[in-house]
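Engineer: Handing you a structure now.
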There are 2 protein chains.
Amino acid sequence: MKLTSKGRYAVMALVDLARFDSINPVSLRDISLRQGISLDYLEQIFSKLKKDQIVKSIRGTQGGYVLSKKPNEIKLTNIFHAVDEKVKTVQCKKDSKKGCNGKATKCVTHNLWDELENHINSFFEKKSLEDLLKSSTENRI
Amino acid sequence: MKLTSKGRYAVMALVDLARFDSINPVSLRDISLRQGISLDYLEQIFSKLKKDQIVKSIRGTQGGYVLSKKPNEIKLTNIFHAVDEKVKTVQCKKDSKKGCNGKATKCVTHNLWDELENHINSFFEKKSLEDLLKSSTENRI
DNA sequence: ACTATACTTGACCATTTTAGTCAAGTATGT
DNA sequence: ACATACTTGACTAAAATGGTCAAGTATAGT
């Protein structure tokens, strides 16, 4: 099981954004420099975040991105969903008329992954951007 | 985030094994046929399970594998650990003297993954092979 | 002792996913 | 007009995944 860095970057970038948001739109270039994430990659990520209305873009000279909602309204689950970071349960083929793996019975792990998925999602649903914002300022050196 | 099928196969195979264990050692060939998992791949997996003393091998004509412990003593966490299925947190480079990503500060996601990891592991530590065994017989068609 | 069965080990490989890069735009504030 | 910044889409090197293939070794039963 693993978490990809796309999800991690999205979270890092949004925390960065939330921190500077209040004053002006934040350009991806600034985020790129501050967080050490490739600008090209950030563009991909923010395009998805925008599609899910987590951020808004503002064009023009002093443009950039701003959050669409307040930090406490943005849950991790929203962020991960936006960038297609999901809990894949490596499920059995669902197409067949028979059970899992072409057997007559439901495979023994079938319910297990469902339970696990719920368990993980409950974690992501509880954590908001605001929570991260707090702990990140605590950790500042 | 995803779970690989190696972990899923390991769980499926062990539940199968646990179900027939009481009578005789179970050959990988039987498990392969019943669960629809490639024999060659099962060999790889069981080699790891054996190294972590989750199963014992019995050679010879009527040989096969048996569980090393009782089903309620085998937790999912043990199984996943054995087959190298782990929660990868896609962490920041740890080598540098500075903080994450060469920045002066700890990156904001640093603690987050730690928390998540604990959350997931607590799930795996609770579930034993016996639990799965029960629910698998309930689901039989 | 022989042999079939079953475990053991290690090299190898095709496909998919990841983590980006590159290029060519379009929109807008000043 | 023009610099800045967002937008879109094609492309790709490297790693992980999900296996296969080959060549053994050990042992129970006859």
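Every number in this text was worked out from the coordinates using simple rules, so none of it is lab data. If you're wondering where the values come from, they're calculated on a predicted model, not measured in any experiment. So basically every Cβ, Gly included, is an ideal-geometry build from the backbone, and we count neighbours across all protein chains shown.
Engineer: Compute the distance in nm between two label points, each set 7 Å from the Cα along the Cα-to-Cβ direction, one at A:E125 and one at B:F123.
Structural biologist: Output for this residue pair reads 1.3 nm.
Engineer: Would you mind getting me the FRET efficiency between B:F20 and B:K51? Use the beta-carbon distance for r and R0 = 25 Å, nearest 0.05. Each step should come with its number before you reach the end.
Structural biologist: Working: r = 22 Å, r/R0 = 0.89.
E(calc), rounded to 0.05, equals 0.65.
Engineer: Next question. Relative to the other copies, what are the label-point distances for A:E115, with labels 7 Å from Cα along the C-beta vector, expressed in nm at one decimal and sorted shortest first?
Structural biologist: From this label point to the equivalent ones elsewhere in the assembly: 2.5 nm.
Engineer: Just to confirm my numbers, what's the Cα centroid distance between segment B:1-79 and segment A:25-41 in Å?
Structural biologist: 48 Å
Engineer: Additional query: What does the structure give for B:3-15 when I average, per residue, the other chain Cβ atoms found within 10 Å of the residue Cβ?
Structural biologist: That average works out to 4.
Engineer: Shielding of B:78-87 by partners, i.e. mean partner chain Cβ atoms within 10 Å per residue? Mind dumping the intermediate values first?
Structural biologist: Working: counts 0, 0, 1, 0, 0, 0, 0, 2, 2, 4.
Per residue, the average neighbour count from other chains is 1.
Engineer: How far apart, in nm, are two points set 7 Å out from the Cα along the Cα-to-Cβ line at A:Q62 and at A:D84?
Structural biologist: 3.6 nm
Engineer: Could you derive backbone 3J(HN,Hα) for segment A:40-53 from the dihedral phi with the Karplus parameters 6.51, -1.76 and 1.60 (θ = phi - 60°), listing whole Hz in sequence and x where the residue is Gly or Pro?
Structural biologist: 4, 5, 4, 4, 4, 5, 5, 4, 6, 5, 5, 4, 8, 6
Engineer: Explain nothing, just the number: relative contact order of segment A:1-65, from Cα pairs under 8 Å at least 6 residues apart, as a whole percent. If you can, show how the numbers build up before the last one.
Structural biologist: On the way: 46 pairs, mean separation 21.5, N = 65.
After rounding, I find 33 percent.
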